[in-house]
Amino acid sequence: WPLDGYQLWFITERMLLDPGWGAVRAGHGVIVLKKGADRSLNDAALRTLRDFDLEPEEWEYSQYPNLAVGRDDASGGYALTVTPDDRRGPGLLFWGPFAVLPPGEYSVEYRLAAEIEPGRTVDDLVASIDVFRDEEILAARDLAFRDFPQPGVWLPVELRFHTTEPGPYEFRVYYHDTGTLALDVVRIRRVGD
């Protein structure tokens, strides 16, 4: 000790797979292990370790801080929302959280909503999403208003990527300042296990 994030992840996974250790708590990003404890929570703990949801309004990794807007249809009741009225112009609505991930295949889902500004066309870009590590974009997609069939309604957009290095990984959303863009949640899932 001290351990970096990847070492901690690796040791925790090995302990969860070891029959001598049991999880006494697993959820909301927390795993508590105890030697000899009941193993009934170990599968849930492994899911917590491998899959996680980011609530962007809780992180404040944004060029537009303090834009959490209450929405009944949003995960956690809030979403980061930027409109053309915000005079900061285009920029990163969200980046981070500099996650440590073990090697493997991953799916990341960005839950977004958009509304076009008068005078714009459906072909105008509203957002660009990507997975970023160490100055390299591992997966990316540009989104135009035509990609959002219903204005203001949540749309899940998925990217897939492969990791060979532990991190740090960022899941970024770029705002093009052409309308309203809302980001509800970013879901990272390890696939193929």
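The values are calculated or read from the model by the stated rules, or taken from the named source; none is laboratory data. The structure displayed is predicted, hence computed values, not measured ones. In this analysis, Cβ positions are derived from the backbone assuming ideal geometry, glycine residues included, and neighbour counts consider all displayed protein chains. All accessible areas refer to the heavy atoms of the entire protein, side chains included, with ligands and DNA or RNA removed. Shrake-Rupley method; radii C 1.70, N 1.55, O 1.52, S 1.80 Å.
Among the residues of the stretch 67-94, count how many are part of a strand (DSSP E or B) and either touching a residue at least 40 places away in the same chain (Cβ under 8 Å) or over 18 Å from the mean Cα position of the chain (by Cα) (or both).
Summing the residues that are part of a strand (DSSP E or B) and either touching a residue at least 40 places away in the same chain (Cβ under 8 Å) or over 18 Å from the mean Cα position of the chain (by Cα) (or both) in the stretch 67-94 gives 10.
What single numbered condition from (1) within 19 Å of L54 (Cα to Cα); (2) free of Cβ contacts under 8 Å to residues at least 40 places away in the same chain fails to hold for P166?
Condition (2) is where P166 drops out.
Return the total of residues in the stretch 21-37 being open to solvent by 30 Å² or more (accessible area, probe 1.4 Å), modelled with pLDDT of 95 or more and not in a strand (DSSP E or B).
1
Find the residue count for the stretch 128-164, including only residues that are under 23 Å from D177 (Cβ atoms), charged (D, E, K, R) and open to solvent by 60 Å² or more (accessible area, probe 1.4 Å).
Counting residues in the stretch 128-164 that are under 23 Å from D177 (Cβ atoms), charged (D, E, K, R) and open to solvent by 60 Å² or more (accessible area, probe 1.4 Å) gives 3.
Of the conditions (1) under 30 Å from Q7 (Cα atoms); (2) modelled with pLDDT of 95 or more; (3) of a type outside the set (G, A, S), P90 fails just one. Which one is it?
Condition (1) is where P90 drops out.
Identify all residues within the stretch 108-127 that are open to solvent by 60 Å² or more (accessible area, probe 1.4 Å), within 21 Å of A140 (Cα to Cα) and either modelled with pLDDT under 95 or in a loop (DSSP other than H, G, I, E, B) (or both); write none if there are none.
Of everything in the stretch 108-127, those that are open to solvent by 60 Å² or more (accessible area, probe 1.4 Å), within 21 Å of A140 (Cα to Cα) and either modelled with pLDDT under 95 or in a loop (DSSP other than H, G, I, E, B) (or both) turn out to be V122, D123.
Answer with yes or no whether A44 is under 22 Å from R189 (Cα atoms), open to solvent by less than 20 Å² (accessible area, probe 1.4 Å) and hydrophobic (A, V, I, L, M, F, W, C).
no
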